[in-house]
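The values are calculated or read from the model by the stated rules, or taken from the named source; none is laboratory data. Since we're looking at a predicted model, the values are computed, not measured. Every residue, glycine as well, gets a Cβ built from its backbone with ideal geometry; the counts of neighbours run over all protein chains shown. Surface areas here come from the heavy atoms of the whole protein model, side chains and all, with no ligands, DNA or RNA. Shrake-Rupley method; radii C 1.70, N 1.55, O 1.52, S 1.80 Å.
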Amino acid sequence: MRILIIEDEQKTYTYLSTGLSEQGFVVDVAKTGEDGLHLALHSDYDVVILDIMLPERDGWSVLANLRGQGRQTPVLVLTARDAVSDRVKGFNLGADDYLVKPFAFSELVARLQNILRRAPTRPNPIISLAGLELDISRQRATREGKKLELTAMEFRLLSLLARRAGQVLSRTYIAEQVWDMNFDFDSNVVDVHIRRLRAKVDDPFPSRLIQTVRGVGYVLEQPSE
Ligand code: CA
């Protein structure tokens, strides 16, 4: 079992990695949110232990990005933040469990085992609607059975629209989710990418799935007859 610990406090990650190695886990440690996200996206872990207060990128952002990019690796949030609103935020962002520091090591192990027991039953994340099918783990998309040749960026954009099908997404929201921009950006960037995406997803087919909502943004929905 491979486990990734994203934690900046030396005392904590040393304690965790020693203890979990003794339990038979193969342990990697990332000491910043940025490193943690990179490892979680580019390696395969059975579970991630995620601190919230981290340098470079906080744990909320790590979790949101991981889920935003379709990664379903189980995440246990381990933090000193014990407010109900924090726990709710963690679960809403896609955390599998939440444990407050200070914690008992035996409880952490029990929770990890519980997460790992549930994990294999997770279905492969496949989004399917209106003839469109997205295989998130393999980054493959088809429409009416025809393969769509998408760049990684286009796949991310399409999977965001598909996961939120029926909801109008603003350009700002799309930019934050797909490009992780939370600074001023040129909203034309979104329009340009939507146009490229449409050329592949919509133009070759009789109906349009990606709709423009004037003055607001974009929505993916089944065209009305
Ligand atoms: Ca911390």
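Listing for the model above:
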read-out	value
Per-residue ³J(HN,Hα) for segment 145-157, Karplus 6.51 cos²θ - 1.76 cosθ + 1.60, θ = phi - 60°, Hz, x for Gly and Pro	x, 8, 5, 9, 8, 10, 6, 4, 5, 5, 5, 5, 5
DSSP beta bridge pairing in the chain, given as percent antiparallel to the nearest 5	50 percent
Per-residue SASA entry for residue 179, accessible area with 1.4 Å probe, Å² rounded to 10	50 Å²
Neighbour cut-off at most 15 other Cβ (10 Å), DSSP loop, chymotrypsin sites (Phe, Trp or Tyr not before Pro), segment 66-149	103
Whole-Hz couplings from phi, Karplus 6.51/-1.76/1.60, listed for segment 2-13; x for Gly and Pro	9, 10, 10, 9, 10, 7, 9, 8, 4, 4, 5, 5
Under-5 Å amide H pairs with residue 71, H placed in peptide plane, nonlocal only	none
Solvent exposure of the chain as accessible area per residue, Å², 1.4 Å probe	52 Å²
Residue (of 108, 179, 5) at the positive-pole extreme of the chain, dipole from beta-carbon charges	179
Cα-based reach from residue 146 at 18 Å (exclusive), listing lysines while leaving out same-chain residues under 8 positions away	200
Relative contact order computed over the chain (Cα-Cα under 8 Å; 6+ residues apart), in percent	13 percent
log10 of Debye I(q)/I(0), alpha-carbon scatterers only, for the chain at 0.11 Å⁻¹	-0.62
Once exposed loop trypsin sites (Lys or Arg not before Pro) are cut out (DSSP; at most 14 other Cβ, 10 Å), longest piece of the chain	1-137
